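Q: Got a structure for you, written out below as structure tokens; questions coming shortly.
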Amino acid sequence: MLNEFWQSSGLAYRVIVFSAMAALAIGLVLTIIGANIGNSGVMWTGMPFLGLGMLLHVIGIGVRGRAVSRRLKDAHAKQSQTGSN
């Protein structure tokens, strides 16, 4: 049941993960381009995107942990019900 989390994950988790990856990609591209062309404005514009991407990844970890905890709790409750009958 919990082996394939991505298939059983909710829409909120998927949106958070893809948003985090997009923000990190934008931040990396802007930072690398700004550093290579010597434009510190472009480079520093990418920094908030990097921070946002990292923040979204941490939020995704929390959402995933909560979902796994809830699934385990439900599975345990179901097992307890069937075991007591």
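Q: For volume of the Cα convex hull per residue in Å³, which listed value, [x] 99; [y] 85; [z] 74, comes from the coordinates shown?
A: Step by step, volume of the Cα convex hull per residue in Å³ for this structure corresponds to label [z].
Q: Residue 29 to residue 61: FRET efficiency via 1/(1 + (r/R0)^6), r the Cβ-Cβ distance, R0 35 Å, to the nearest 0.05? Show your work: numbers first, answer last.
A: Values: r = 24 Å, r/R0 = 0.69.
Using R0 = 35 Å, I get an efficiency of 0.90.
Q: In addition: Suppose the chain between residue 69 and residue 22 were pulled fully straight at 0.36 nm per residue; how much longer would it get relative to their current alpha carbon spacing? Let's see the in-between values first.
A: Values: separation 47, 0.36 × 47 = 16.92 nm, distance 2.73 nm.
Full-extension gain reported as 14.2 nm.
Q: Restricting to Cα pairs below 8 Å that are 6+ residues apart, what does the relative contact order work out to for the chain? Please round to a whole percent. Present the calculation step by step, with values, prior to reporting the outcome.
A: On the way: 65 pairs, mean separation 26.2, N = 85.
Worked out over the chain, it gives 31 percent.
Taken together, the values in this text are just the output of simple stated rules run on the coordinates, not laboratory data. Here the structure is a predicted model, which means the values were calculated and not measured. Cβ coordinates were reconstructed from backbone atoms using ideal geometry, including for glycine residues, and neighbour counts include every protein chain displayed.
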